[in-house]
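K.L.:
Sharing a structure here in structure tokens format.
The values are calculated or read from the model by the stated rules, or taken from the named source; none is laboratory data. Values in this document were obtained by computation on a predicted structure and should not be read as measured data. Methodologically, a virtual Cβ is constructed for each residue, glycine included, from the backbone with ideal geometry; neighbour enumeration extends over all protein chains shown. Just the protein is used for accessible areas: all its heavy atoms, side chains included, with ligands, DNA and RNA removed. Shrake-Rupley method; radii C 1.70, N 1.55, O 1.52, S 1.80 Å.
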Amino acid sequence: YLATMLKGQGGGLDALISAPARLQYLHSRLDDNAIRLHQLQHAEILAMGWLAELSRFHEIEKRFEGSGQIVSSNFEDILAQPEQHTAAIAEHLGVTPKHGEQRALENSTVMRTYAKSPDHAYSKADRDHDLNLSRRTFAPQLAQGLQWAERLIQRHPQLRVLESQLR
């Protein structure tokens, strides 16, 4: 997540705009309002927002656990095996693709272009390259954000369930 946010033009500006609401959620979730945006570095603000959303998703999953109403999907897994994951999502939604629709989806423009600029071809290999370049370019910031997230998780046991999703 951090590598994705930092690699783009503006360095996660949309995430920074959402930071106050995400921090408010974390404050209520943790029953701790000691975190202050003005005290955080850029990568720490991104990490804070990331943890807030991961926590929110985890709470939603817990609330609907066993109901069959929710299914979690990992974007990396979808990119690696689009056929398997899009079929599972369709099944969850109760949609039976007509003959050829599944293959059409897998070969669609959506799967071969950059989401924020559909006229820009963008493959899984392109994305992997960009993320690896971001990891090298922003290594100190990534380490700072991850360390901040790890410290917060250690201080708040209710966040420990998110630890495996940090890397």
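K.L.:
I need every pair where a residue in the range 131-148 that is of a type in the set (S, T, N, Q) has its Cβ under 7 Å from the Cβ of a residue that is surrounded by 13 or more Cβ atoms within 10 Å (Cβ to Cβ), sequence separation at least 6 or different chains.
P.N.:
What qualifies is Ser134/Ala3; Ser134/Leu6; Ser134/Lys7; Gln141/Leu6; Gln141/His42; Gln141/Ala43; Gln144/Ala43; Gln144/Glu44.
K.L.:
Six or more apart or on different chains, Cβ atoms under 6 Å: show the pairs whose first residue is in the range 68-86 and touching a residue at least 24 places away in the same chain (Cβ under 8 Å) and whose second is open to solvent by 70 Å² or more (accessible area, probe 1.4 Å) and part of a helix (DSSP H, G or I).
P.N.:
From the range 68-86, the pairs are Leu79/Lys124.
K.L.:
OK, next. Which one of the conditions (1) within 19 Å of the chain's Cα centre (by Cα); (2) at pLDDT 95 or above; (3) among the β-branched types (Val, Ile, Thr) does Ile70 fail to meet, given that it meets all the rest?
P.N.:
Against the list (1) within 19 Å of the chain's Cα centre (by Cα); (2) at pLDDT 95 or above; (3) among the β-branched types (Val, Ile, Thr), Ile70 comes up short only on (2).
K.L.:
Select from the range 1-40 the residues that are more than 24 Å from Gln158 (Cα to Cα), open to solvent by 70 Å² or more (accessible area, probe 1.4 Å) and part of a loop (DSSP other than H, G, I, E, B) and list them in ascending order.
P.N.:
Gln9 - this is the single residue of the range 1-40 that is more than 24 Å from Gln158 (Cα to Cα), open to solvent by 70 Å² or more (accessible area, probe 1.4 Å) and part of a loop (DSSP other than H, G, I, E, B).
K.L.:
Listed residues Ala104, Ala121, Ala125; which is touching a strand residue (DSSP E or B) at 6+ places or on another chain (Cβ under 8 Å), open to solvent by less than 90 Å² (accessible area, probe 1.4 Å), aliphatic (A, V, I, L, M) and within 22 Å of His85 (Cα to Cα)?
P.N.:
After applying the criteria, what remains is Ala121.
K.L.:
Within the range 137-147, does at least one residue satisfy the condition of being under 23 Å from Glu53 (Cβ atoms), hydroxyl-bearing (Ser, Thr, Tyr) and surrounded by 13 or more Cβ atoms within 10 Å (Cβ to Cβ)?
P.N.:
Within the range 137-147, not a single residue is under 23 Å from Glu53 (Cβ atoms), hydroxyl-bearing (Ser, Thr, Tyr) and surrounded by 13 or more Cβ atoms within 10 Å (Cβ to Cβ).
K.L.:
Which residue, of Thr137, Thr113, Thr109, is β-branched (Val, Ile, Thr) and farther than 30 Å from Ala43 by Cα?
P.N.:
Criteria check complete, one pass: Thr109.
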